[in-house]
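Notes for the one structure printed next.
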Amino acid sequence: EIGRRRFGGSLAGTITLTAGLGGMGGAQPLAVTMNGGVALCIDVDPTSIERRLETRYLDERADDLADAIARCEGAKAEQRPLSVGVLGNAAELVPRLLDLDLSADIVTDQTSAHDPLSYIPPDLSLEAAARLRDEDPDEFTRRARLGMARHCEAMVGFQQRGAEVFDYGNSLRAEALLGGFRE
């Protein structure tokens with residue numbers, strides 16, 4: 001739909017930055033490439049990335065951001081469909097990609113922001129997050145919302161640079177507001 005509305009019916013020559021490859025989010029890279037675009041997909045859980053590679057919903061995995069950016073920028077320049085997964089926390093990587101001037105044309109999100117107890121706070125491993133969730137769910141929620149605020153703030157930064165930015169109704173904006181992001 002975004003290709004039809006904004007890019008003349010195709011995503012060729014565009015980069016979509018998104019996060020969340022579990023559940024419904026797993027279809028994002030395939031949807032982008034089926035429409036000719038490039039998708040850079042962040043997920044905090046390596047099993048989600050592996051599952052999408054195995055089912056061929058995701059084309060490749062990059063080992064670091066520099067590699068991911070190079071692959072995506074190259075495919076964009078060639079107008080070649082490609083989806084690249086990168087392991088990391090969206091609250092950390094989306095702001096980092098903004099700082100690195102990724103030429104994202106579309107920025108969206110499919111993380112589990114609808115449930116703050118499912119959104120992994122930045123600076124925590126999956127194991128540490130699981131412990132904190134069990135031991136102190138209020139602190140986990142507070143830290144997750146702070147992460148969502150950082151994530152959402154970076155998305156707005158991309159919007160201010162001209163990218164089309166939207167979420168899928170996963171409550172990211174509402175939770176980011178509770179985390180202190182007022183825009």
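Can you go through ALA75, ALA66 and tell me which one is open to solvent by less than 10 Å² (accessible area, probe 1.4 Å) and either more than 15 Å from HIS151 (Cα to Cα) or without any contact (Cβ under 8 Å) to a residue 40 or more places away in the chain (or both)? Before you say what the answer is, go through the steps one by one.
Values: ALA66 fails: open to solvent by less than 10 Å² (accessible area, probe 1.4 Å).
Sole residue among the options that is open to solvent by less than 10 Å² (accessible area, probe 1.4 Å) and either more than 15 Å from HIS151 (Cα to Cα) or without any contact (Cβ under 8 Å) to a residue 40 or more places away in the chain (or both): ALA75.
Could you look through the stretch 32-58, keep only residues that are out of contact with any Gly (no Cβ under 7 Å at 6 or more places or on another chain), open to solvent by less than 20 Å² (accessible area, probe 1.4 Å) and β-branched (Val, Ile, Thr), and pick out the one that is nearest to LEU93 (Cα to Cα)? So the residue we want is VAL38. The set of residues in the stretch 1-31 that are buried (at least 24 other Cβ atoms within 10 Å of the Cβ) and under 13 Å from the mean Cα position of the chain (by Cα) comprises ILE15, THR16, LEU17, THR18, ALA19, GLY20, LEU21, GLN28, PRO29. Of all residues in the stretch 106-163, exactly one satisfies the criterion of being among the acidic types (Asp, Glu) and in contact with an Asp or Glu (Cβ under 6 Å, 6 or more places away or on another chain), namely ASP109. Failed condition for SER118, given (1) in contact (Cβ under 8 Å) with a residue 40 or more places away in the chain; (2) assigned to a loop (DSSP other than H, G, I, E, B); (3) of a type in the set (S, T, N, Q), with all others met? The number of the failed condition is (1).
The number of residues in the stretch 130-173 being within 17 Å of LEU102 (Cα to Cα) and among the small types (Gly, Ala, Ser) comes to 4.
If you take the residues in the stretch 24-79 that are of a type in the set (Gly, Ala, Ser) and in contact with a Lys or Arg (Cβ under 7 Å, 6 or more places away or on another chain), which one is modelled with the highest pLDDT? Per the stated criteria, the residue is ALA62.
For the subset of the stretch 104-140 comprising residues that are open to solvent by less than 40 Å² (accessible area, probe 1.4 Å) and of a type in the set (Ser, Thr, Tyr), which member is modelled with the lowest pLDDT?
In the first step, residues of the stretch 104-140 are kept if they are open to solvent by less than 40 Å² (accessible area, probe 1.4 Å); the result is 104-111, 113, 116, 119-122, 124, 128-130, 132, 140.
Pick out the ones that are also of a type in the set (Ser, Thr, Tyr) and you get 108, 111, 119.
Details: THR108: 94, THR111: 87, TYR119: 90.
Out of the qualifying residues, it is THR111.
Taking the conditions (1) in contact with a Phe, Trp or Tyr (Cβ under 9 Å, 6 or more places away or on another chain); (2) under 12 Å from VAL86 (Cα atoms) in turn, GLY25 satisfies each one other than (2). Among the residues of the stretch 141-164, those that are buried (at least 20 other Cβ atoms within 10 Å of the Cβ) and out of contact with any Pro (no Cβ under 9 Å at 6 or more places or on another chain) comprise ALA149, CYS152, MET155, PHE158, ALA163.
The values are calculated or read from the model by the stated rules, or taken from the named source; none is laboratory data. Computed from a predicted model, the values in this text were never measured in an experiment. Note that we place each Cβ from the backbone using ideal geometry, even for glycine, and neighbour counts take in every protein chain shown. The protein model used for the area step is the full one, side chains on, heavy atoms only, and it has no ligands, DNA or RNA in it. Shrake-Rupley method; radii C 1.70, N 1.55, O 1.52, S 1.80 Å.
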